[in-house]
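Read the structure below first, then the notes.
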Amino acid sequence: MTATPVIKRNGGQVLMQQLRIHGTKRVFLVPGESYLPCIDALNEHVGVIEPIVCRQESGAAYMAEAYGKLMGEPGVCFVTRGPGATNASIGVHTAFQDSTPMILFIGQVGNDFVEREAFQEIDYRRMFGQMTKWVAQIDRTERIPEYIARAYSVATSGRPGPVVLALPEDTLWGKQRWPMLHAISLSRLIRAGTIWMRLRRF
């Protein structure tokens, strides 16, 4: 039996790999330095995940909301912290009121700068708490797959709606040993998906 190659990957690479595993075909974004590892990682998924680059965050959020509404799967949006997040909030509010599955990723200051009002920091749990199904911040690189799986589940289960995940810089730049995507067999993915669907019934 051939062992699955395992290499060190940063948080941005792990996150994009998880989006691909969950079937994401498009992401809507306004590029920003607060989540550069995610932008760089898109180069590993050319032809599979299509980046739709927008001029302003509210437009990106509206596009993601419309995509989720039309396709019945989470519209995925990336914006930078502070003003980028506030601009995107109108699309999140629309998704909440229209019960549209959507996942908004927001760049965030590193954990070593939290609560110092540095680099346009905002507490996204307080900001988006009343207009989302779930808001969280991924503080550890190794927990990225867990948060992404839950985000997809929450956004699409019951009454669909938006989920917001904040991405601290140290989480995205941190590295973890992780299997290469092309080495994961299709049968394992199908088996994992079948188990997941069975668990969702309970």
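Quick notes
- Qualifying lysines (Cα of each under 27 Å from Cα of K175; at least 8 residues distant if same chain): K8, K25
- The order of T132, T86, going from fewest to most other C-beta atoms within 10 Å of their C-beta, is T86, T132.
- Residues whose amide H comes within less than 5 Å of that of V27, counting only those at least five positions distant or on another chain, are E50, I52 (H built at 1.01 Å from N in the peptide plane).
- Cα centroids of segment 125-164 and segment 68-87: 12 Å apart.
- Note on segment 32-81: percent of Cα-Cα distances in each 5 Å bin, starting at 0 and stopping at the bin with the largest distance, equals 4, 19, 24, 27, 20, 5, 0.
- Cleavage-rule hits (trypsin sites (Lys or Arg not before Pro)) in segment 21-61: DSSP loop, at most 14 neighbouring Cβ within 10 angstrom: K25, R55
- Approximate spin-label separation K8-D40, in nm, with each point projected 7 Å along Cα-to-Cβ: 1.3
- With θ taken as phi - 60° and the Karplus curve 6.51 cos²θ - 1.76 cosθ + 1.60 applied, the whole-hertz 3J(HN,Hα) list for segment 51-58 is x, 9, 7, 10, 8, 8, 5, 5 Hz, x standing for glycine and proline.
- Taking amide H positions as modeled 1.01 Å from N, with prolines and chain starts lacking one, the residues under 5 Å from M102 and 5 or more places away or on another chain are G75, G161, V163.
- In this simple spin-label approximation, Q130 and I90 carry label points 7 Å from Cα along the Cα→Cβ vector, and these lie 1.9 nm apart.
The numbers here are math on the coordinates, done by the rules we state, and not lab data. Note that the structure is a prediction, hence the values are computed from the model and not measured. Quick reminder, even Gly has a Cβ in these numbers, built from the backbone with ideal geometry, and neighbours come from all protein chains shown.
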